[in-house]
1. With respect to the cross-link table entries Lys111/Lys133; Lys133/Lys177; Lys109/Lys133, which display a Cα-Cα separation exceeding 20 Å?
2. Between Ala186 and Ser92, with labels modelled 7 Å along Cα→Cβ, what's the label distance in nm to one decimal, could you check?
3. Rg and Dmax in Å for segment 190-253, alpha carbons only: what are they?
4. Near the amide H of Thr87, under 5 Å away, which other amide H atoms are found, from residues 5 or more places off or on another chain, if H is placed in the peptide plane?
5. What is the list of residues in segment 120-154 whose amide nitrogen lies under 15 Å from a point 7 angstrom out from the Cα of Asn231, following Cα to Cβ?
6. Separation between the Thr85 and Leu102 pseudo-spin-labels, each 7 Å from Cα along Cα→Cβ, expressed in nm?
7. Using heavy-atom solvent-accessible surface (probe 1.4 Å) with all chains present, what is the largest-first order of Ser221, Ser148?
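The values are calculated or read from the model by the stated rules, or taken from the named source; none is laboratory data. Every value quoted in this text rests on a predicted model; they were computed, and no experiment measured them. Neighbour counts run over all protein chains shown; Cβ positions are idealised from the backbone, glycine included. Each accessible area value is taken on the protein alone, full model and side chains, heavy atoms only, with ligands, DNA and RNA left out. Shrake-Rupley method; radii C 1.70, N 1.55, O 1.52, S 1.80 Å.
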Amino acid sequence: MDAKRWFTLLKKSAIGAVAAATMFGLASPALAAQPPADPSGAQPSVVGGSRAAQGEFPWMVRLSMGCGGALYTNQIVLTAAHCVTRTGANTSITATLGVIDLQSSSAKKVKSTYVYRSPTYDTATGGDWALIKLASPVTGIATLPIASTATYNTGTFTVAGWGAATEGGAQQRYLLKAQVPFVSDATCQAQGGIYSDMIPSAEICAGNLTAGGVDTCQGDSGGPMFRRDNNNAWIQVGIVSYGEGCARPHAPGVYTEVSAVASKIASAASGL
Ligand code: ARG
């Protein structure tokens, strides 16, 4: 199977891919190039980052199917459509909140009751986002507001997750974070291959274009990409969606462009 075909499969059936990678630690068959070694010599994270501090990103959520998410309201988690199967009642997902260490005894664990999956995911419109309603509201955990205009779709973003720290690597116990620079739609598409199909109106790219080395990776899907707004508050601009391998040069991460779907997210959430 060539890389492009595998990629398409991963994008279309990422749950299986994520679950398999999570359960068995499988390497992606798309492996071709290894990401460059971390120049700092520090423990790599996400890919090419470092460990987050307890409380640094309080709204980070780990989902039991092997995805990330962000707390959108005290009872709704924003994640990726490709992390869930369909819209409807669903009590099978467990959200772990309030900790950087997934094995911490102080972790809050809450079951899902309902999933809303973007109806335009996997259409030409795009929209890799979904909402997970929790069985009960969580208290004492800050939510992450979403960007509703394109103002913040520029600059340097922060990403975080418990996904693989190297392409094909294991899921992480401790939350990892990294910083990724914005990559314009035109530059992203110009990388060719899968990137020529990116959807400029619904997706936003980020990464170290020429050097690679920093990226989200398998298992980070659904987690937020965020930055500071003009009031120095965190705001979500992206949702981890896909990429070719992880942290490869000329292969930026592709994220759901949150500002482009913010009104749909808000109206779907108000109906949950
Ligand atoms: N689709 C992946 C997942 O299910 C996320 C991949 C992100 N890849 C990247 N190179 N930024 O976890």
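1. Lys133/Lys177
2. 4.5
3. Using the Cα atoms of segment 190-253, the pair Rg, Dmax is 12.4, 38 Å.
4. Amide H neighbours of Thr87, under 5 Å, 5+ apart: Arg117.
5. Residues passing the 15 Å test: 143-149.
6. 2.1
7. Heavy-atom accessible area, descending, gives Ser148, Ser221.
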